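Accompanying notes for the structure given below.
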Amino acid sequence: MRYLPLTGEDRAEMLRVIGAPSIDALYSDVPADLLHGPEAFQAVAPGKSELQVEREMAAYARASRAAGDGPFFVGGGLYRHHVPAAVDHLIQRSEFLTAYTPYQPEIAQGTLQTLFEFQTQVALLTGMDVANASLYDGSTAAAEAGMMAVRITRRNKVVVAGSVHPHYRAVVQNQLGFAGIEVDLAPADPTAEDDVAARVDAGTAAVIVQNPGFFGQVRDLTALAQAVHAKGALLIVAVTEAVSLGAVESPGAMGADIVVGEGQSFGNALTFGGPTVGLFATRSKFLRQMPGRLCGETVDADGRRGFVLTLSTREQHIRRDKATSNICTSAGLCASAFTIHLAMLGEQGLTHLAALNHALAGRAADRLAAVPGLSLVNDTFFNEFTLDLGRPAAPVVERLAARGILAGIAPAVLDGVEADAAALQNLLVVAVTELVTDEDVEALASALTEELSA
């Protein structure tokens with residue numbers, strides 16, 4: 001059952017308030033050919049039966065290629081993992097499937113308990129003291145962390161390492177820039193050799209790094225944390241592949257002050273890029289500066305265990321100028337999916353899943369590195385690594401896609417890497433999850449052999 005709260009009258013009233021004559025008027029700036037799509041889509045005209053519309057829409061959908069339709073090695077922040085059927089079944093219960101996070105503890109114990117357990121899971125995974133009830137996604141969580149560090153340190157500069165996802169870097173630069181905060185973007189760093197601590201000065205509030213990095217490198221951040229702290233700044237660690245936390249040392253154990261991340265890998269399918277769920281965790285001493293909401297455990301008048309909304313510092317609850325964040329409450333449904341999936345895995349299941357991902361990625365890297373003309377860039381990785389094709393990677397990716405193989409990401413064509421595009425043009429970032437088979441790897445290796453020998 002889907003919960004669609006708006007009636008036709010509701011929509012008409014909203015249009016009246018904003019002064020728009022129709023919903024179509026809201027899209028007046030979009031070129032008509034892009035708004036309405038190809039002719040086949042426009043053919044879904046009024047008067048057709050439901051069966052006819054279903055057939056035409058199904059034919060239209062088949063024109064797209066889904067992640068599971070063939071060999072798939074695309075990662076870079078969102079990953080194709082197996083999601084148990086029970087996850088989707090449970091989150092579609094009406095208790096969870098609401099348009100908004102319920103506030104009232106007397107009617108929302110199930111949701112509040114789920115978010116409390118989500119927070120507990122995130123804190124354990126990241127090695128931190130406390131986690132919030134989620135944010136929109138990993139990139140906006142990273143920007144929120146940068147602003148939180150500025151509030152804590154009363155400094156006005158944030159350094160973003162070259163290991164951070166280009167889209168995260170762009171979001172941080174955009175959001176902090178409009179807040180008047182200086183953002184120092186280090187060059188892209190495929191080999192994990194940059195000395196980001198050297199960019200920290202007396203005005204630096206925080207350093208943002210990613211582990212595993214966008215190019216797959218896994219780093220021990222302990223020395224960096226010590227160097228950053230010695231200069232009075234904070235260390236923010238972003239994690240885009242949450243499954244890695246089942247195998248890699250937690251950011252908290254390495255000295256991080258704030259950990260942000262993308263939780264899509266647990267319980268949430270790719271769904272063409274979202275919605276997903278942002279993770280945010282920190283130390284207890286910074287709790288009052290943490291954005292978003294915090295659900296807590298308590299007892300009722302009869303001494304029974306219960307759950308309540310404990311902390312909420314966004315603008316709708318307190319004065320706008322005192323709010324820590326004005327962009328997000330929580331991604332409650334996606335967070336519920338995260339929690340259900342992780343609870344089904346348990347600690348042993350998570351460890352096994354992480355080990356399986358790493359083993360398959362290692363096997364794939366060995367096979368692909370044997371392709372003539374190609375080399376492996378990484379000396380460490382979890383389930384994602386970078387290949388140097390010795391020639392521009394983007395055209396190769398396009399040709400392989402035409403052959404039914406989604407080979408990975410050519411970082412040189414991503415938004416936010418314009419300054420580094422020349423240095424990145426030969427690189428291909430490849431992700432290998434538990435859903436990648438040996439046959440998939442062999443298909444990619446064979447296709448790359450043909451492409452690189454042409």
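The values are calculated or read from the model by the stated rules, or taken from the named source; none is laboratory data. Note that the structure is a prediction, hence the values are computed from the model and not measured. Virtual Cβ from ideal backbone geometry, glycine too; neighbours counted across all protein chains shown. Ligands, DNA and RNA are excluded from the accessible area calculation, which covers all protein heavy atoms including side chains. Shrake-Rupley method; radii C 1.70, N 1.55, O 1.52, S 1.80 Å.
Quick notes
- Span-like helix check, the chain: qualifying full DSSP H segments, with Cα axial length of 15 Å or more and mean Kyte-Doolittle of 0.5 or more, are 138-153, 332-369.
- Only beta bridges with both residues in the chain are counted; by DSSP, about 55 percent of them are antiparallel.
- Taking 0.36 nm per residue of separation and subtracting the Cα-Cα distance, full extension of the segment from THR120 to LEU6 would add 37.7 nm.
- HN-Hα J in Hz across the range 268-273 - Karplus 6.51, -1.76, 1.60, θ = phi - 60°, x for Gly and Pro: 10, 6, 5, 6, 6, x
- Projecting label points 7 angstrom from Cα along Cα→Cβ for ALA421 and LEU97 puts them 4.4 nm apart.
- Shape call, the range 168-217: gyration tensor on alpha carbons, a/c limit 1.5: oblate
- Here's how it looks for CYS295: its modeled amide H is under 5 Å from those of ALA133, THR310, which are all 5 or more places away or on a different chain.
- Each other residue within a Cβ distance under 11 Å of GLY263 adds +1 if Lys or Arg and -1 if Asp or Glu, for a net charge of -3.
- For the chain, the solvent-accessible area of protein heavy atoms averages 47 Å² per residue (probe radius 1.4 Å; ligands and nucleic acids excluded).
- Per residue of the chain, the DSSP helices (runs of n ≥ 4 H) give a summed -39500 (n - 2.57) that works out to -11500 deg cm²/dmol at 222 nm.
- For ASN378, the residues 5 or more places off, or on other chains, whose built amide H falls under 5 Å of its own are THR386.
- Here the chain has 55 percent of its accessible surface on carbon and sulfur atoms, given a 1.4 Å probe and all protein chains in place.
- For the range 209-297: rounded, prolate or oblate by the Cα gyration tensor [a/c cutoff 1.5]: oblate
- Sequence-ordered 3J(HN,Hα) estimates for the range 290-300 from the Karplus curve with 6.51, -1.76 and 1.60 and θ = phi - 60° stand at 6, x, x, 10, 10, 8, x, 9, 8, 10, 8 Hz, glycine and proline given as x.
- Cβ-based net charge around LEU376, under 10 Å, with every Lys or Arg adding one and every Asp or Glu removing one: -3
- Placing a label point 7 Å from the Cα of GLN289 along the Cα-to-Cβ direction, the residues of the range 140-166 whose backbone N falls under 12 Å from that point are 145-157.
- Accessible-area value, GLU297, 1.4 Å probe, nucleic acids and ligands omitted, Å²: 100
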